[in-house]
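Coordinate-derived values only; no laboratory data. Note that the structure is a prediction, hence the values are computed from the model and not measured. Glycine gets a Cβ as well: all are built from the backbone with ideal geometry, and neighbour counts include every protein chain shown.
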Amino acid sequence: MSQPHFTDGNLIILFGVHTESEAAETVPNHVEERIRVCVDLYRIVKTSKPDRDNTLILVVADTNTGQNIKKTLIKDGIDEGLILFTDSPMTVEQTFDYVFKFIKKRANPPYIYFVGSVWHKDIYDSAIFSKMNDYQIRFEGAPDHRPVNDVAREKALNTPTRGIGYYKGKLKNKTVDMVLSYIFPDDKKR
């Protein structure tokens with residue numbers, strides 16, 4: 001069993017990736033909701049955590065949307081020097097892979113907050129279960145008022161791959177089933 005990590009600082013991941021092509025100049029409404037949740041979360045962290053001065057926001061979005069998100073965050077009172085930007089991850093799982101590369105080297109990684117739409121929770125759970133189980137991570141969900149078909153289409157693009165934790169669980173369940181079947185045979189000839 002691995003040791004729990006003590007945290008040093010806070011990292012808020014704002015997942016702004018979307019599939020709407022018409023939103024090149026503006027930020028879609030569902031991403032604006034995520035920005036609102038991110039700003040509220042930032043204010044809570046700044047007023048309540050002892051390591052409040054070591055808080056960064058990582059914006060994960062395409063270049064145009066990322067610049068618009070950054071402008072909105074600055075307008076809402078967040079210092080520009082605290083905002084990091086990346087456009088390489090395109091899914092929740094890739095985002096955690098990207099973050100994991102940087103924090104795995106640190107003795108005391110930051111407390112991580114992930115801000116996405118409410119429907120990202122299942123994908124988030126799968127990603128952290130298999131990759132970042134030993135880190136302190138919290139999910140913050142923003143409402144998404146788009147039609148169900150649009151959300152389902154975007155959710156299909158974010159479907160996670162099954163990590164090693166999934167296969168370990170399946171193997172464990174199979175082993176338990178085999179042992180129980182051996183101990184209590186299902187003999188129908190009695």
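The table below gives the values:
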{"quantity": "Rounded to 5, the percent of DSSP beta bridges in the chain classed as antiparallel", "calculated": "0"}
{"quantity": "Rounded FRET efficiency, nearest 0.05, which uses the C-beta distance separating residue 74 from residue 157 and R0 of 22 Å", "calculated": "0.15"}
{"quantity": "Residues in the stretch 103-121 that a label on residue 49 would reach, taking backbone N under 13 Å of a point 7 Å out along Cα→Cβ", "calculated": "109-115"}
{"quantity": "Unsatisfied cross-links (Cα-Cα over 25 Å) in the set 46/155; 75/121; 49/105; 71/101", "calculated": "46/155; 75/121; 71/101"}
{"quantity": "Reported label for calculated Rg and Dmax of the Cα atoms in Å given [x] 15.7, 49; [y] 22.7, 69; [z] 20.1, 76", "calculated": "[z]"}
{"quantity": "Amide proton proximity set for residue 114, modelled H, under 5 Å, gap of 5+", "calculated": "13, 138, 139, 140"}
{"quantity": "Computed over the stretch 60-164: relative contact order in percent, which uses C-alpha pairs under 8 Å that are six or more apart", "calculated": "27"}
{"quantity": "FRET efficiency, 1/(1 + (r/R0)^6) with R0 25 Å, evaluated for residue 122 and residue 168 via beta carbons", "calculated": "0.85"}
{"quantity": "The stretch 58-128: trypsin sites (Lys or Arg not before Pro) in DSSP loop, at most 16 other beta carbons within 10 Å", "calculated": "104, 105, 106"}
{"quantity": "Relative contact order of the chain, defined on C-alpha pairs under 8 angstrom at six or more residues apart (%)", "calculated": "27"}
